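*Asks:* Below are the structure tokens for one structure; questions will follow.
The values are calculated or read from the model by the stated rules, or taken from the named source; none is laboratory data. From a predicted model like this one, the values you see are computed outputs, not experimental measurements. In this analysis, Cβ positions are derived from the backbone assuming ideal geometry, glycine residues included, and neighbour counts consider all displayed protein chains. The accessibility values were calculated without ligands, DNA or RNA, using every heavy atom of the protein model including side chains. Shrake-Rupley method; radii C 1.70, N 1.55, O 1.52, S 1.80 Å.
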Amino acid sequence: MNTGLPSVPLGRLRGVAVGAHWSTLVAVIVIAQIVATSVLPQAAPGHAVVVYWIAGVLSALAFMLSLLAHELAHALTAQRFGIGVDRIDLWLLGGVSRLSSSPRSPRAEFLIAVAGPATSVVVAVLAGAAGTGLAAWGAPALIASPLLWLAITNGVLAVFNLVPAAPLDGGRVLAAAVWWRTGDEHRGTKTAALAGRAFGLALVAFGLMQVFAGALSGLWLVLLGAYLAVSSAAEQSANETKHRLGGVRVRDVMVQDPPIAPGWWTVRTFLDSLATGPHRLVFAVVSFDGAVVGSVGLAELVRVPDPLNTRIGDVCRAPSAETVASPDEQLLDVLGKAPLRQGRDLVLVLRDEHLVGVVGPEDVAWALELSRSAPITRHEVTS
Ligand SMILES: [Zn+2]
């Protein structure tokens, strides 16, 4: 569930972009090594090392394909519920499907979650049947064993992912169950996130105990546990934001009559005028006839090489789809387009192309804090 991993594009499946982060290679090598040096020499003794390694790499690649099938099952089920799938990525600790929005019902949440483990079970059964069948037909152990190994790993994959802890599939099932019982989506996600943090920390503790007992493989559990704990905490924080700002509109948090930077002024004149305030870090920039031409940060202005001869309008950033909003838009929709960075980003709130307010990251922080004590006052813009 981690975000922003740079990944190598592998292609498209049913319209979904599939990619792999470089760490997938580490996973393939580790798995191939386990199969080549430990699983196969025991199950099918008497072969050359290179033969074990070829079988090991093929087994690791087959496992990655089964992981992709698991993720694709999530993605296709999400699409059936009208949820867009941005992309699927493979990485060190498995696969990640990025959905464009959250499921709108507990039933959708449940079915999207179980589709993955169900697919892993199907792969396990098919690989197990093929492996046992081939062995019964007298096929060499070197061919039947990797299939049986694939069956077992997919079985383990299904079971582990069904642990009721976010961001695992079982966590989504738990969230769906709580949502269905209480009718409260926020509570469902919160419960699963708390379970995720507890399970992640327990894995870290267990892994550390193994490491101290001399088993270095415990590091793998530490890594996995830390990942689960961190991503469930991130999920909880996003869930909290969504809960607190749900229903809040841009006009409820925007600064009305915001301080502006005149685009025709020189940077020097404007910086000199700031001695008495306003104490803002980012300004909306307007032209002489009152049209909005963009925004500019104080940090950018103080770095302009020739402030005496540079006009603000020449250095400001032009408005874009991410930085312009209408007063009636849902604040969460605006925040979903791009993160607001302190001292750099400013949402320009326009009505009929006129600037009626601005929203900066500090205004969002203000709204989040205030929502702890009382609902934010919804107010109307008169201009
Ligand atoms: Zn899954």
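*Asks:* I'd like the full set of residues that are modelled with pLDDT under 90 and open to solvent by 30 Å² or more (accessible area, probe 1.4 Å), limited to the stretch 223-240.
*Replies:* Matches in the stretch 223-240: Ala234, Glu235, Ser237, Ala238, Glu240.
*Asks:* What number of residues in the stretch 248-284 are touching a Pro at 6+ places or on another chain (Cβ under 6 Å), within 20 Å of Leu308 (Cα to Cα) and surrounded by fewer than 21 Cβ atoms within 10 Å (Cβ to Cβ)?
*Replies:* Here the count works out to 1.
*Asks:* Ok, one more. Name the residues in the stretch 164-192 that are open to solvent by less than 40 Å² (accessible area, probe 1.4 Å), farther than 19 Å from Thr241 by Cα and within 16 Å of the ligand (Cβ to nearest atom), would you?
*Replies:* The answer is Ala165, Leu168, Asp169, Gly170, Gly171, Val173, Ala176.
*Asks:* Here is a list: Gly116, Gly128. Which entry is away from the ligand (no atom under 14 Å from the Cβ) and open to solvent by less than 40 Å² (accessible area, probe 1.4 Å)?
*Replies:* So the residue among Gly116, Gly128 that is away from the ligand (no atom under 14 Å from the Cβ) and open to solvent by less than 40 Å² (accessible area, probe 1.4 Å) is Gly128.
*Asks:* Exactly one of these conditions fails for Val211: (1) in the same structural domain as Ala195 (by TED's automatic domain parsing); (2) open to solvent by less than 50 Å² (accessible area, probe 1.4 Å); (3) in contact (Cβ under 8 Å) with a residue 24 or more places away in the chain. Give me its number.
*Replies:* Condition not satisfied by Val211: (3).
*Asks:* Among the residues of the stretch 7-65, write down those that are touching a residue at least 60 places away in the same chain (Cβ under 8 Å), surrounded by 14 or more Cβ atoms within 10 Å (Cβ to Cβ) and of a type in the set (Val, Ile, Thr).
*Replies:* Val16, Val18, Thr24, Val35, Val39, Val51, listed by residue number.
*Asks:* Report the residue count in the stretch 335-349 for those that are in contact with a Pro (Cβ under 8 Å, 6 or more places away or on another chain) and either part of a helix (DSSP H, G or I) or not basic (Lys, Arg) (or both).
*Replies:* Result for the stretch 335-349: 5.
*Asks:* Return the only residue of Ala238, Ala205, Ala193 being assigned to a helix (DSSP H, G or I), more than 30 Å from Pro327 (Cα to Cα), under 19 Å from the mean Cα position of the chain (by Cα) and without any contact (Cβ under 8 Å) to a residue 60 or more places away in the chain.
*Replies:* The match here is Ala193.
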